[in-house]
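Undergrad: My questions all concern the structure below.
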């Protein structure tokens, strides 16, 4: 067995009302002039108003600035522009608030704030000094990507028009605030889609063939939390217990997928870049097909996933366990309104070949539970379409 590194370093504050601790947290990190990175939709919400009130009421002579232009699937300008604002205003820290897109953009903006003459692509393939990035406080307002605890940032590059993953431990936040009060305004459809993202992270990371038992345990508990809490959060957005459990489950999914992911994500990423589809929705619409594909080729793969879902399958054969688990996940997503087809979301049949080509170039499928070919990915798109 080859040597492995296990690391879970992010400091996290969890609980309703923990946003109120932000001024003290800024002071402890030595941040006096933070740049807030978010998107235009979040900037109009009660969650953002709570943030501005908290910053405005700090009473410590602190100045803060805002970039609220992050796209739903972040592009290079979402990194360049806040980095320029950071330097222009002499900022000394970043507060990234919102879903995965603002969190990813806020992480990466610190790179160009330190290296303003570098193109973003340089950080993907050339030696660069990553040390000494400005401190980041990450505040998620959705329970899906878990980007707040991740050491990666997904940005669509100008040159390729494809998503690319920046990965380095220096991207980690210094502090994560998981305050369920900030997620109560999330509409049911987004609650479902982001929750499906967290579920997919947990399922794919657990079934990834790499060796990482710590991530396996976290993934299984994340699945249990999603199955228990997501329907409640979907039905009643004000349920703080359910919202809190989903925030934790999303963070656990992101911790788990440092192990790696699988073919669902390779299918989902091009659906976002080429078709503009929400990432969580894309995962949800592809999950059933990939689970069936994997289960047919590796019986028993989803037994422990099913047990985490609460199914009584201990005495079932491997095939029966897989069948019940895949069926449960499929119905679980259907009950959340996530059982539609790609064609119902504007994906055209003449795009499937290009999507399959892009999915093949995406690295996530390399750690799928079962090896896949480009033709397999094309067939999976057809099934989802």
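Undergrad: Since residue 123 meets every condition but one in (1) surrounded by 16 or more Cβ atoms within 10 Å (Cβ to Cβ); (2) farther than 13 Å from residue 110 by Cα; (3) touching a strand residue (DSSP E or B) at 6+ places or on another chain (Cβ under 7 Å), which condition does it not meet?
TA: For residue 123, the exception is condition (2).
Undergrad: A further question on this structure: Taking the condition of being within 15 Å of residue 288 (Cβ to Cβ) and touching a helix residue (DSSP H, G or I) at 6+ places or on another chain (Cβ under 8 Å), how many residues in the range 327-367 meet it?
TA: So the answer is 13.
Undergrad: Taking the range 185-232 as the region of interest, how many residues are outside any helix (DSSP H, G or I) and either buried (at least 18 other Cβ atoms within 10 Å of the Cβ) or touching a strand residue (DSSP E or B) at 6+ places or on another chain (Cβ under 6 Å) (or both)?
TA: 3
Undergrad: Of all residues being in contact with a helix residue (DSSP H, G or I) (Cβ under 8 Å, 6 or more places away or on another chain) and part of a strand (DSSP E or B) in the range 72-107, which is surrounded by the fewest Cβ atoms within 10 Å (Cβ to Cβ)? Just the residue, please.
TA: 93
Undergrad: Also, quick follow-up: Residues that are touching a residue at least 60 places away in the same chain (Cβ under 8 Å) and part of a helix (DSSP H, G or I): does the range 153-161 have at least one?
TA: No, there is no match, as no residue in the range 153-161 is touching a residue at least 60 places away in the same chain (Cβ under 8 Å) and part of a helix (DSSP H, G or I).
Laboratory data are not the source of any read-out in this text; all were calculated from the coordinates shown. Since the model is a prediction, treat every value here as computed from it, not as a measurement. So basically every Cβ, Gly included, is an ideal-geometry build from the backbone, and we count neighbours across all protein chains shown.
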